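Data first, discussion second: the structure below is written as structure tokens.
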Amino acid sequence: VDDDPEVTRCLRRRLRRRPWDGIVASSAEEALAQLAKVPVDVVVSDEHMPGMKGVELLSRVRDEYPSTLRILLSGLVTIDAAAKAVNTAEIYRFLLKPCPAEEVELTITEGLEHRATREDFDTWRTSLDHEQLGVNLDAALQSLWIGFQPIVRSTSGEVFAYEALARSDTQGLENPMALFAAADTLKRSGELRSRIQETVLRRLPSMPGDSVLFMNVDATD
């Protein structure tokens, strides 16, 4: 969804390589009309358009079509709009213009994989009672391990830092999204976050002395 035809033309040309059916709209109103006609998996919307803005459109999509993935593409956005994009529209990604078409393609691909994983987990979770889910989470906490993904400078190829990534070997909870969803379901998210932080801290002595380490933490931590 974009009122700039050159943007939509470029994206359609790039995305035609994939087994996807693309629908183009030049305004939010036109997009909503299209959504009422056919099921849509992903909406990529510009922010600044005549009439309804992109954040408002994606908020409507979130309310009326909650399973549709929402991506905002914008060259200029206010703090207020960014807050609404995250808190109200619950967007999957925020892409800044100018954005290469291949980055949009990659974002859509990752988003669809993310959604499929979540749907698979939800199906699996509903087949378990809370007692069994608790047993599985206990096992995941015991088998929890940390992978350190290198962050490389694009200019020199040198490793600048590492990002700590939580993983487990428990079947069904190997994926971190499933692991956190299980902990959230059982109201044990704090316990999981503490275990991850403790595991990371135990690994610190084995890291190179000049390394920078990044670890994702919850806002409440």
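Using Cβ point charges alone (K and R +1, D and E -1), the dipole size of the chain about the Cα centre works out to roughly 320 debye. Translational diffusion of segment 165-221 was estimated from the Stokes-Einstein equation, with Rh taken as the Kirkwood radius over Cα pairs; at 25 °C and 0.890 mPa s the coefficient is 195 µm²/s. Excluding ligands, DNA and RNA, the accessible surface per residue across segment 1-71 is 58 Å² with a 1.4 Å probe. In loop segments of segment 97-176 as defined by DSSP, the trypsin sites (Lys or Arg not before Pro) with at most 13 further C-beta atoms inside 10 Å of their C-beta are ARG153.
Ignoring any ligand, DNA or RNA, what whole percent of the accessible area of segment 166-221 comes from carbon and sulfur when the probe is 1.4 angstrom? Carbon and sulfur together cover 50 percent of it. Restricting the trypsin sites (Lys or Arg not before Pro) of segment 176-217 to loop positions (DSSP other than H, G, I, E, B) with no more than 12 neighbouring Cβ atoms within 10 Å leaves LYS187. The distance separating the Cα centre of segment 43-87 from that of segment 194-214 comes to 37 Å. Rounded, prolate or oblate: which one fits segment 83-209, using the alpha carbon gyration tensor with axes a ≥ b ≥ c (rounded when a/c is under 1.5, else prolate when a/b beats b/c, else oblate)? Oblate is the answer for segment 83-209, as a/c is 1.5 or above yet b/c matches or exceeds a/b. Rounded if a/c is under 1.5, else prolate if a/b is larger than b/c, else oblate: which is segment 1-81, with a ≥ b ≥ c the root eigenvalues of its Cα gyration tensor? Oblate, since a/c reaches 1.5 and b/c is not below a/b.
Please state the shape class of segment 49-99: rounded when a/c is under 1.5, otherwise prolate if a/b exceeds b/c and oblate if not, all from the C-alpha gyration tensor. It comes out prolate by the Cα gyration axes.
Lys/Arg Cβ at +1, Asp/Glu Cβ at -1, dipole of the chain taken about the Cα centre: which of THR199, VAL24, ALA219 is farthest positive-ward? Projecting each Cα onto the dipole axis, the largest value belongs to VAL24. Seen from a random direction on average, the alpha-carbon convex hull of the chain projects onto 15.1 square nanometres.
The values are calculated or read from the model by the stated rules, or taken from the named source; none is laboratory data. If you're wondering where the values come from, they're calculated on a predicted model, not measured in any experiment. Cβ coordinates were reconstructed from backbone atoms using ideal geometry, including for glycine residues, and neighbour counts include every protein chain displayed. Accessible surface areas use protein heavy atoms only, side chains included; no ligands, DNA or RNA. Shrake-Rupley method; radii C 1.70, N 1.55, O 1.52, S 1.80 Å.
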